[in-house]
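Since the structure comes first, as structure tokens, the remarks are kept for the end.
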Amino acid sequence: MEASSVACEGWAIALVGLAFVLSRERSLRVALRVALALGAALILAGIAVQVLKRVVDVPRPLAVFGPAAVHVLLQPLRRQAFPSGHSASAGALAAFALLRYRRAAWPLLLLAAAGGISRVYVGAHWVLDVIAGWAVGAAAAVIAARGWERLRAGETAIAPVTAGPPAAAE
């Protein structure tokens, strides 16, 4: 469980994601573009998690139940449980890969599941923290993937300004 937890740290997920993308793409140029989009998803998920952790500030199981009741396997954490950053990173990678590679993403879905379960097992998070982390990661992946596709298509995120007054409603 400790290994699953460490495997879902942001840096590890970035390396796993890069390796996965490189193994799936035929062109190095395409692989680097996809990896950049994945990196954007991971950064977006990380920012969202840090904002939510500071705003919500949920105590972790160790802070609520104490060391006698919680079996802590890694660093003893007491604050900012919601949402799980490990789960958000793994969820972002899994969702991004699912959007891009469909069925070939199944190993990353298993990694996200194992990583989330491990965060509860090691005493770092509540189940809801993990579920919220997965949701944050998946949302970040969708936003990054859509944004990347818009950039590739040459579209802008801002609608063009039209001249003249708005047309009258009929």
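Just so it is clear, none of the values below were taken in a lab; they were calculated from the coordinates. As the structure is a computational prediction, the values presented were derived from the model and not from experiment. A quick note on method: Cβ atoms are made from the backbone with ideal geometry, for glycine too, and the neighbour counts reach across all protein chains shown.
As a check on your grasp of the helix formula, calculate [θ] at 222 nm for the chain: sum -39500 (n - 2.57) over DSSP H runs of n ≥ 4, divide by the residue count, round to the nearest 500.
-22500 deg cm²/dmol
How long are the semi-axes of the equivalent ellipsoid of segment 1-87, taking √(5λ) for every eigenvalue λ of the Cα gyration tensor, in whole Å from largest down?
33, 16, 6
At 0.36 nm per residue, and after removing the present C-alpha to C-alpha distance, how many nm does the segment from GLN50 to ARG26 gain when stretched out fully?
This chain segment gains 5.1 nm when fully extended.
Could you order the peptides 115-122, 64-71 from most to least packed, using the average number of other C-beta atoms within 10 Å per residue?
Going from most to least packed, we get 115-122, 64-71.
Could you state, as a whole-number percent, how many of the C-alpha pairs of segment 78-138 are farther apart than 18 Å?
Distances greater than 18 Å cover 28 percent of the Cα pairs.
Quick one: work out Rg over Rh on the C-alpha atoms of the chain, Rh as Kirkwood radius.
Rg/Rh: 1.12.
Compute the angle between helix 28-56 and the longest alpha-carbon principal axis of the chain, please, reported from 0 to 90 degrees and rounded to the nearest 10.
Value to nearest ten degrees: 60.
Can you check what the net charge comes to around ALA69, using other residues whose Cβ is under 14 Å from the Cβ of ALA69 (Lys, Arg +1; Asp, Glu -1)?
After counting each charged neighbour, the total is +2.
Using a basic spin-label model with each label point 7 Å from the Cα along Cα→Cβ, how many nm lie between LEU18 and ILE131?
3.5
Search the structure for amide H atoms under 5 Å from the amide H of GLN80, placed 1.01 Å from N in the peptide plane, and list their residues when 5 or more places away or on another chain.
Amide H to amide H, under 5 Å and 5 or more residues apart or across chains, GLN80 pairs with VAL58, ARG60.
In whole Hz, what ³J(HN,Hα) sequence does segment 102-112 give by Karplus (6.51, -1.76, 1.60; θ = phi - 60°), x for Gly and Pro?
Here the 3J(HN,Hα) series is 6, 4, 5, 7, 4, x, 6, 5, 5, 4, 5 Hz.
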